[in-house]
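*Asks:* Once you've had a glance at the structure underneath, I'll fire off some questions.
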């Protein structure tokens, strides 16, 4: 940082929501030179609820499954899914085929709901509140389908070691197909709103760029890395459950635009196309679903005894809506808890790329660039981005930053 | 470069590390109806050969995908597993590689790999604060998650940490760690 | 129950003390066109100084304790605090964690509890209506 520059003030943006939807306190101390961000530092720690410690010391594995569900309310399926895959490898439990297909349907329905939620929040960050309300209204349809099939809107408790707890019956299939048709019919409208609007292009093109090489070096995952051109997708590379029978391709933005820039606009493209891909996957699964039982071991005391006596280790990797999620589990014979449990959620590793994404950007672009990696702080433990301060500090609340972002949109629209 | 089979990868590590190589195991599992497999390699190496092992992996795959460091408290020693994956980006071809290092509790030190892989900084900081393993030459050694919660010196992932019990928030009338399950 | 004494819309500030976001997305679902609490005038505001109701979610972590107290003090009277979700009420699955200092009512006084993990949007609306009734009572008494 050059010392001979005349104006150097540090704006401290204290605890205040960066996601109006999620209200996860985030603190940004941006080192500013004029209007541009020069340096960023990351500090974490506020949503730390000692979940791994609870899983290793207090709960038996089935209780840990319900604890894993509450790591995050939005990516509600991926954490129990990973845990179940890891424990089944460790204890060598074979899962019936029908359960594998139901698991994939659950994961894809969660992906649709999470991406539409993100689209609404991104629209709010730019200042399009009507689009925010429109997309959340569209999202209610998938929430109804989730409630129909799994019994609850948010915490579904569908996983169990060795299978799933509920079956999809014949009576539910017509309603499920009707919901998917609704999404196919409305997809064109969503695509036009997000991809062809001039203001969205002006706000999102060339903002928050992450180059291909940086994305590989900084180990990013999920739509963030696919938007930078690297086709990393666990469903394609190391498929699990029924994905091993389907042919899932990682989506990169050159399918639509022909080139890869790695900015916020590319991330919008990737997420919207993934919604269409998920609808297709759910239809394939329904068409090819095998018959049979849904649980390898339906009686709970026997299942608990099986897990207490088992010894081994396992790794479960799942493609969550935000990226690759991984759980490592080690079981010891005679110990009733999980002996070692390590969780790494996708936002944990995407946050390492934040300093690179935010450098050189204007303050008004910070909310949308930060929201474009789809941060889920409760998965990560919340981030405080602080910076090395020089000069005087002044306090700029999040509301101020959001107002700057909306103001910029209005100026562009004039 | 052409893709190697898991056994060829294990053999190439044995050749590159010499004495530092302790063992290599391959694990495969079949999934779903079509019975495709996913493959995992476990490599047991000594601490002295650890950085050379990471170098060698970068020769097999440019920019290997580093996932996380998991640590297990096994009584007298702590085992760190560095989870990597290689050959990503292609259908059904990814192989997971786990490099395992066992450290005795009297000498919990391991060299950093952030010069080879810049994205590893978070997970090294987390291992340092949660397990008490010292990562030598780490560029930024501050605590990551516990800075506002607990004082220094308490390591939650260790099974023999006695000071943690004071901080447990227990509901009134109950004893911690489910000790009152009979009641 | 007549709601005539309180003659302006209810402004709500959402306080996240470390929750998993499940309750938070249900709170936002209350404001979107399906359940549409905005037609009653209920609005989310960005600062506690404008708020009448504090919607608090999440078990309180040790590093969030100060912020919660400060936000409670910044909210002007009359005010009502609602604890939404099981973690805020008594800890739920996190009750023995080493990094949590207690359910919300150990830190700030709570008036309305909405249980559930997460509670349905209909339950949250009922909680807000009860909070509204309580605010009416406080305003009539002329609480400063």
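*Asks:* Round to a whole angstrom and tell me the spacing of the C-alpha centers of the stretch A:172-229 and the stretch A:74-107.
*Replies:* 26 Å
*Asks:* Could you give the nm distance between label points at residue A:192 and residue A:335, where each point is 7 Å from its Cα heading toward the beta carbon?
*Replies:* That separation, rounded to one decimal, is 5.9 nm.
*Asks:* Roughly how tilted is helix B:50-60, in degrees to the nearest 10 and between 0 and 90, from the longest Cα axis of chain B?
*Replies:* 40 degrees
*Asks:* Would you please state which residues of the stretch A:278-311 a label at residue A:60 would reach in this model, taking the label point 7 Å out along Cα→Cβ and a backbone N cut-off of under 17 Å?
*Replies:* A:297-311
*Asks:* Would the stretch C:97-144 count as rounded, prolate or oblate if I go by the C-alpha gyration tensor, calling it rounded below 1.5 in a/c and otherwise prolate when a/b exceeds b/c, oblate otherwise?
*Replies:* Oblate, since a/c reaches 1.5 and b/c is not below a/b.
*Asks:* Hey, another quick one. Which whole number of Å³ per residue matches the convex hull of the alpha-carbon atoms in the protein assembly as shown?
*Replies:* 175 Å³
*Asks:* Once you put a point 7 Å from the Cα of residue C:38 and another 7 Å from the Cα of residue C:11, both along the Cβ direction, what distance in nm separates them?
*Replies:* Result for the modelled spin labels: 1.7 nm.
*Asks:* If you don't mind, there's one more thing I want to ask. Between residue A:199 and residue A:137, what is the label-point separation in nm under the 7 Å Cα-to-beta-carbon projection?
*Replies:* 1.8 nm
*Asks:* On a full-extension model of 0.36 nm per residue, what is the gain between residue A:410 and residue A:92, subtracting their alpha-carbon distance, rounded to one decimal in nm?
*Replies:* Full-extension gain reported as 108.6 nm.
*Asks:* Take the alpha carbon atoms of chain C, find their radius of gyration, then divide it by 2.2 N^0.38 Å using N residues; give the quotient.
*Replies:* 1.00
*Asks:* What's the angle, to the nearest 10 degrees (0 to 90), between helix C:121-141's Cα axis and the longest principal axis of chain C?
*Replies:* Tilt relative to chain C: about 60 degrees.
*Asks:* I would also like to ask the following. Find how much the distance from residue A:35 to residue A:257 grows on full extension, using 0.36 nm per residue of separation minus their present alpha carbon separation; answer in nm with one decimal.
*Replies:* Residue separation times 0.36 nm, minus the Cα-Cα distance, leaves 76.9 nm.
*Asks:* Going by how many other beta carbons lie within 10 Å of each one, how would you line up C:117, A:72, fewest first?
*Replies:* C:117, A:72
*Asks:* Separate question: Inside 10 Å of the C-beta atoms of C:88-97, what's the mean count of C-beta atoms belonging to other chains?
*Replies:* Taking all residues of C:88-97 together, the mean is 6.
*Asks:* Can you classify the stretch B:36-133 as rounded, prolate or oblate using the Cα gyration tensor, where a ≥ b ≥ c are the square roots of its eigenvalues, rounded means a/c under 1.5, and otherwise it's prolate if a/b beats b/c and oblate if not?
*Replies:* Prolate shape, in that a/c is at least 1.5 and a/b is the bigger ratio.
*Asks:* Is there a simple number for the mean count of other chain Cβ atoms within 10 Å of the Cβ of residues in A:227-238, and what is it?
*Replies:* Across the residues of A:227-238, the mean count of other-chain Cβ atoms within 10 Å is 5.
*Asks:* Right, next: For the stretch B:6-168, what does the relative contact order come out to in percent, with C-alpha contacts under 8 Å and a separation of six or more?
*Replies:* Reported as a whole number, the value is 16 percent.
*Asks:* With r as the distance between the Cβ atoms of residue C:105 and residue B:105 and R0 = 35 Å, compute the FRET efficiency 1/(1 + (r/R0)^6) and round to 0.05.
*Replies:* 0.25
*Asks:* Using a ≥ b ≥ c from the Cα gyration tensor of the stretch B:44-97 (square roots of the eigenvalues), is it rounded, prolate or oblate, where a/c under 1.5 gives rounded and otherwise the larger of a/b and b/c decides, a/b for prolate?
*Replies:* In terms of gyration-tensor shape, oblate.
*Asks:* Would you mind telling me the antiparallel percentage of the DSSP bridges in the stretch C:11-139, rounded to 5?
*Replies:* 10 percent
*Asks:* What number, in percent, do you get for the relative contact order of the stretch A:94-296 if the mean sequence gap of Cα pairs under 8 Å and at least 6 apart is divided by its residue count?
*Replies:* 34 percent
*Asks:* Now, a different point. With bins 5 Å wide starting at 0, give me the P(r) of the stretch A:94-296 over every alpha carbon pair, in whole percents.
*Replies:* Reading upward from the zero bin: 1, 7, 14, 18, 18, 16, 12, 8, 4, 1, 0.
*Asks:* At a Förster distance of 30 Å, what's the computed FRET efficiency of residue C:73 paired with residue B:165, Cβ-Cβ distance as r, to 0.05?
*Replies:* 0.35
*Asks:* If you don't mind, there's one more thing I want to ask. Of B:162, B:109, B:14, which is the most mobile in a GNM of chain B whose springs link Cα atoms less than 10 angstrom apart?
*Replies:* Greatest mean-square fluctuation among the candidates belongs to B:162.
*Asks:* Here is a further query. Can you give the mean number of other chain Cβ atoms that lie within 10 Å of the Cβ atoms in peptide B:25-36?
*Replies:* Mean partner-chain Cβ count within 10 Å for B:25-36: 5.
*Asks:* Also: Calculate the FRET efficiency for residue B:134 and residue B:5 from the Cβ-Cβ distance with a Förster distance of 25 Å, rounded to the nearest 0.05.
*Replies:* Efficiency at R0 = 25 Å is approximately 0.10.
Computed from the coordinates by the stated procedures, all read-outs in this text should not be read as laboratory data. Quick caveat, the model's predicted, so the values are computed rather than measured. A quick note on method: Cβ atoms are made from the backbone with ideal geometry, for glycine too, and the neighbour counts reach across all protein chains shown.
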